[in-house]
Amino acid sequence: IRGAMSLSNDNEAPRRLEGKFQAMVVCFILGLGSLVAWNSMLTVGDYYYTLFPKYHPSRVLTLVYQPFALGTMAILAYNESKINTRLRNLIGYSLFSVSTLLVLVLDLATSGKGGLGPYIGICVLSACFGIADAHVQGGMVGDLSFMCPEFIQSFFAGLAASGVLASGLRLVTKVGFENSKNGLRKGTMLFFTISTVFEFFCIILYAFYFPKLSIVKYYRSKAALEGSKTVSADLAAAGIHNETNHQVGFDAKNQDRLSNKQLFLQNIDIAADLFLIYVLTLSIFPGFLYENTGSHQLGTWYPLVLIAMYNVFDLISRYIPLIKCLALESRKGLLIAVFSRFLLIPAFYFTAKYGDQGWMIMLVSFLGLTNGYLTGPEQNALGNLLVLFLLCGIFSGVALDWLWLIGKSGF
């Protein structure tokens with residue numbers, strides 16, 4: 001009883017609220033770190049199309065990434081209650097960091113030459129990014145779900161901002177080396193070096209700084225007293241030793257939770273929304289934007305500008321639902337809006353065929369705007385199960401992206 005009392009008394013108000021702003025900043029950075037490595041690989045598509053012009057890198061790398069993300073997420077979602085969340089997240093961020101470093105090492109080892117061997121190596125590292133993504137996204141969502149809503153909102157804001165950060169860094173490095181010899185490769189190397197350092201910084205933040213914040217200790221201690229078994233390692237990292245629930249007379253029946261089937265049935269429309277949102281988005285982004293939009297005045301900058309515009313509007317639109325009068329709160333209305341979004345497919349087809357670059361930039365911006373806006377209302381409902389459906393949608397969209405190549409030469 002004394003052990004349990006110390007757990008709760010150590011975190012009483014006002015101490016329990018200390019460090020809220022710092023925790024929100026950390027959550028935002030960790031959100032950035034959970035996708036910035038993968039977005040880095042997507043945004044160097046101009047470099048990979050120079051090295052591997054016949055191998056459809058933007059499509060193939062995404063197609064390799066998704067089955068590993070989906071398969072790993074399915075396994076982790078099934079065993080969620082038995083998994084050490086702290087270890088899961090640390091494995092994910094460590095794998096991101098190592099894989100990003102190895103992308104850099106692979107290019108240096110091959111002196112920036114193309115060919116099948118280096119391409120297979122890039123594909124293997126893409127699969128590693130998928131495994132890391134499944135560890136981090138589901139793990140962080142589960143971890144932060146014990147805490148205040150602002151933390152999970154900050155994490156998802158970081159997720160959305162990761163694309164903007166990656167695009168911004170890529171544009172800066174491209175400008176910086178545009179006129180130098182072998183500038184495209186030098187800019188890419190600097191870009192991956194920055195990404196590697198950033199991922200390593202996320203490991204330090206999550207492992208040593210985040211668990212010692214007073215407000216984080218409070219929420220994790222509270223979750224432990226309510227029967228959560230996944231936070232014990234986090235509490236130990238913060239120097240808090242939790243006694244077993246039986247020592248405080250905890251009724252084991254209170255640990256019962258809804259089954260995955262019950263959770264799915266209660267949220268089937270949200271799962272369908274997430275699936276369909278990302279089926280449409282990933283059937284266009286990024287493969288179609290790199291390979292099917294033709295040549296325009298912007299030249300090699302064109303796909304980078306399209307990717308950047310998508311990411312910027314995706315980020316902006318995730319904050320629109322926070323404005324009450326603009327929020328779409330009807331679950332039926334959300335589903336209708338998601339289905340209506342499929343009209344973008346013929347719009348992209350005809351714009352690529354007949355429109356100029358201005359119309360395509362506007363259409364890509366609208367794709368990002370609707371992606372972020374329709375995902376926004378669902379963010380706080382996300383858990384392992386719904387992240388799984390999100391990944392299913394992404395995988396299906398990536399597979400359907402290849403349909404744009406039907407009728408093209410060489411396909």
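The values are calculated or read from the model by the stated rules, or taken from the named source; none is laboratory data. Computed from a prediction, not measured in an experiment: that's the story for all the values here. Backbone-built Cβ (ideal geometry, glycine too); neighbour counts: all protein chains shown. SASA here: full protein model, heavy atoms, side chains in, ligands and nucleic acids out. Shrake-Rupley method; radii C 1.70, N 1.55, O 1.52, S 1.80 Å.
Counting 0.36 nm for each residue step from N182 to A272 and taking away their Cα separation leaves a gain of 27.8 nm. By a 1.4 Å probe calculation restricted to protein chains, D356 has an accessible surface near 90 Å², given to the nearest 10. Cβ-Cβ distance of F201 and F350, R₀ of 60 Å, FRET efficiency by 1/(1 + (r/R0)^6): the value works out to about 0.85.
Annotation: lysines with alpha-carbon distance below 17 angstrom to K222 (same-chain offsets under eight excluded): K20, K212. First check a/c for region 331-379, with a ≥ b ≥ c the square roots of the eigenvalues of its C-alpha gyration tensor; if it is under 1.5, answer rounded, and if not, answer prolate when a/b is larger than b/c or oblate otherwise. The shape class here is oblate.
Got a sec? Which residues in region 41-70 would a label at V105 touch, if it sits 7 Å along Cα→Cβ and we count backbone N under 20 Å? Residues passing the 20 Å test: 41. Gain on full extension, evaluated as 0.36 nm per residue between L116 and R331 minus their Cα-Cα distance, stands at 72.7 nm. Each principal axis of region 270-357 carries a Cα extent, and these read 42, 23, 20 Å when sorted largest first.
When you restrict to C-alpha pairs under 8 Å that are six or more residues apart and normalise by the size of region 12-116, the relative contact order lands at 39 percent.
For region 124-210, the relative contact order comes to 14 percent (Cα pairs under 8 Å, sequence separation of at least 6).
Annotation: extensible slack from I320 through F339 equals 4.9 nm (criterion: 0.36 nm per residue apart, minus Cα-Cα distance). A crude spin-label estimate for the pair V25 and Q297, with each label 7 Å from Cα along the Cβ direction, gives 4.3 nm.
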